[in-house]
Amino acid sequence: MTLLTRTRGSALGIVALATLSLGGLPAAAQDAGLSVELNKLEGQGNGCRAYLVVNNDSPTEYESLKLDLVLFQKNGVIGRRFAMDLAPLKPKKRTVKLFDLDNKCDEIGSFLINDVMECKGPASAIEDCLGRLSVKSLTDVELSK
């Protein structure tokens, strides 16, 4: 084996190791952020109660996390647009938030987090809150951003 072959092999090994290491960073970064899960929809008379599980894996405290939400009906037509504040959110804490809607649960097709209207910590505004959010749904109704 020549020096060039050993050097090339070492370089490939370093590149492979770096790729594996960097591949873990986005997941780690996501784990250190905020996740919002649409966990359950429950009929409430003529309306619907939505249960959101918010997991703040970060060391950041949120005094305000106001979302601009859009509800789409099953046919894809926008049903309504509304704001919802998920705060306060403590650091390294999982929280359940409820909100009631006038729509029947079986009329809801999906929810879109259109934007983050306000995002503040104890000292100042927090940048790129929409980018920090990861979303999922455990229901038949999609939650996206």
Hey, does region 94-101 have a residue that's over 21 Å from K145 (Cβ atoms) and assigned by TED's automatic domain parsing to the domain that holds L133? yes
Please enumerate the residues belonging to region 114-135 that are over 11 Å from the mean Cα position of the chain (by Cα) and either in a strand (DSSP E or B) or under 10 Å from K66 (Cα atoms) (or both). N114, D115, V116, M117, E118, C119, K120, A125
Restricting attention to region 60-86, and to residues there that are more than 18 Å from N114 (Cβ to Cβ) and of a type outside the set (S, T, N, Q), which single residue is surrounded by the fewest Cβ atoms within 10 Å (Cβ to Cβ)? K74
Selection within region 103-137 - loosely packed, with under 13 Cβ neighbours inside 10 Å and in contact with a strand residue (DSSP E or B) (Cβ under 7 Å, 6 or more places away or on another chain): A125
Inside region 41-56, can you point out the residues that are in contact with a strand residue (DSSP E or B) (Cβ under 8 Å, 6 or more places away or on another chain) and either of a type in the set (S, T, N, Q) or buried (at least 16 other Cβ atoms within 10 Å of the Cβ) (or both)? L41, Q44, C48, A50, Y51, L52, V53, V54, N55, N56
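The values are calculated or read from the model by the stated rules, or taken from the named source; none is laboratory data. Just so you know, these numbers come straight off a predicted model, no measurement behind them. As a convention, Cβ positions derive from the backbone with ideal geometry for all residues, glycine included, and neighbour counts pool all protein chains shown.
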